[in-house]
Structure formats: C-alpha cells, structure tokens
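Asker: Provided herewith is a single structure, encoded as structure tokens, for subsequent inquiry.
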Amino acid sequence: MHTDLEDKKVAILATDGFEQSELEDTRTALEEAGADTYVISPTANSIKAWNKDGFGDTVAVDVRLQDASVDEFDALLLPGGVLNPDKLRTVHEAVDFVRGFFEAGKPVAAICHGPQMLIEAEVVHGRKLTSFQSIKTDLINAGALWTNESVVVDHGLVTAQKPADIPTFNKKMIEEFAEGIHAGQHA
C-alpha cells in the first residue's frame, strides 16, 4: 500500500476543546509520512486543547477558516474532543468546509466525537463508520451504518472510536490520504 504523503496538504479543522492527542499524535504521523499539515479554525492565532481531564496545550492556527478553501487541500482530519465538534457544528463555514471535501471526493478522517461534524454536514447517510459510543445513536439517526469497531474505512472515510485507537487510525488514515480522490466519497 502506498503511504507516501509528500506533496499532500492536509487540513485539520479544530477549535478550542479539541482532544490533544487526537490532533497532536495524528498530525505528527501525517508529517512523518511527508504531509504538510495546516490547523484551520474560525478562531484566530491559537486554540486550546482538552487533555483528558482539563485544558492542555495551545496550538497555533495556521489558516483562519474564512481564508481556507477545500481546493487548497488534499485531505481533511477532524479530531474529536467533546467541546471541539460541538462548537464547530454551529459555524456554517465549518460545516460547508467539511461537506466540500466529500463533494470533491477527497479523503476525510474523523476520530472520537469528530463524526459529529459529518452529521452536521449531512454526509453520513448510508456510510459505514464508527465513533465514540455517546454519539452512536446520533449517527444512526442521521442514516449512518454505525459499527462497534475501533477503526472503520469506507471509500475514503476513516473513523475511529477513541484515543487508544490512534495507532491503527493513523495507519488507515495515511493509506486513504495517499490514495487521494475516492469515487465512493460523496456528499
């Protein structure tokens, strides 16, 4: 399987309250595979992580959401954290940004609570995926084929349940991002 991400640009959509390991550990894996990563946020300058039981590190925002275009990126990563997707799903531009990757057939990876953005973007109907247990019913009600597996791949969409799944999630995410456009990826 081709896993070289050189010349690939990956958008990481996040805001305050993202789960620290779900952004930092995945970003490191992407960069080690050769990708250029960019934190995209409606918040200027920096965003604050949630690290297990309290706020953690601060991460610089590379591109403000208002200045970002799906056309500039090859793939999208949606880290979880309870606060992060809950805030982002109320931002119309963030929802449109996510939907744009599906419309373009570009690969997307979402972990833990990150799939909440997929519900809001209306891209889960008929798709097989997984998530943190607490949003299982939300995904099923949105038409997703939810499964209790740690990591699921469905035509360019990679999902995982929790931070403990990051090593497998990273492997599958890199494989799907390296493959590029997926015919089965659609809005």
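Read-outs throughout are calculated quantities, based only on the coordinates presented, and are distinct from any laboratory measurement. Predicted, not measured: the structure shown is a model, and the values here were computed from it. For neighbour counting, all protein chains shown are included, and Cβ atoms are generated from backbone atoms with ideal geometry for every residue, glycine included.
Asker: Return the total of residues in the range 136-153 being more than 14 Å from the chain's Cα centre (by Cα) and surrounded by fewer than 21 Cβ atoms within 10 Å (Cβ to Cβ). Let's see the steps before the verdict.
Answerer: Initial filter on the range 136-153 (more than 14 Å from the chain's Cα centre (by Cα)): 136-150.
Next cut, surrounded by fewer than 21 Cβ atoms within 10 Å (Cβ to Cβ) only: 136-138, 140-143, 145, 147-150.
Counting residues in the range 136-153 that are more than 14 Å from the chain's Cα centre (by Cα) and surrounded by fewer than 21 Cβ atoms within 10 Å (Cβ to Cβ) gives 12.
Asker: Given the conditions (1) within 21 Å of F177 (Cα to Cα); (2) out of contact with any His (no Cβ under 9 Å at 6 or more places or on another chain); (3) buried (at least 21 other Cβ atoms within 10 Å of the Cβ), report the number of the one that S131 does not fulfil.
Answerer: (2)
Asker: Let me spell it out: the conditions are (1) free of Cβ contacts under 8 Å to residues at least 12 places away in the same chain; (2) more than 26 Å from E176 (Cα to Cα); (3) assigned to a helix (DSSP H, G or I), and Q66 meets all of them except one. Which number is the exception?
Answerer: (1) is the only condition that Q66 fails.
Asker: Another question about this same structure. Taking the range 80-106, which residues are under 20 Å from S134 (Cβ atoms), in contact (Cβ under 8 Å) with a residue 24 or more places away in the chain and outside any helix (DSSP H, G or I)?
Answerer: G80, G81, V82, R89
Asker: In the range 128-165, how many are under 18 Å from P85 (Cα atoms) and part of a helix (DSSP H, G or I)?
Answerer: Going through the range 128-165, the residues under 18 Å from P85 (Cα atoms) turn out to be 129-142, 144, 157-163.
If we keep only those that are part of a helix (DSSP H, G or I) too, we end up with 133-141, 163.
Number of matching residues: 10.
Asker: Would it be correct to say that E6 is outside any strand (DSSP E or B), charged (D, E, K, R) and touching a residue at least 12 places away in the same chain (Cβ under 8 Å)?
Answerer: On the way: outside any strand (DSSP E or B): yes; charged (D, E, K, R): yes; touching a residue at least 12 places away in the same chain (Cβ under 8 Å): yes.
Yes, satisfied.
Asker: Could you check the range 167-187 and list, in sequence order, the residues that are surrounded by fewer than 21 Cβ atoms within 10 Å (Cβ to Cβ) and not in a loop (DSSP other than H, G, I, E, B)? Steps first, please.
Answerer: Within the range 167-187, the subset surrounded by fewer than 21 Cβ atoms within 10 Å (Cβ to Cβ) is 167-168, 171-172, 175, 178-184, 186-187.
Across the range 167-187, the qualifying residues are P167, T168, K171, K172, E175, A178, E179.
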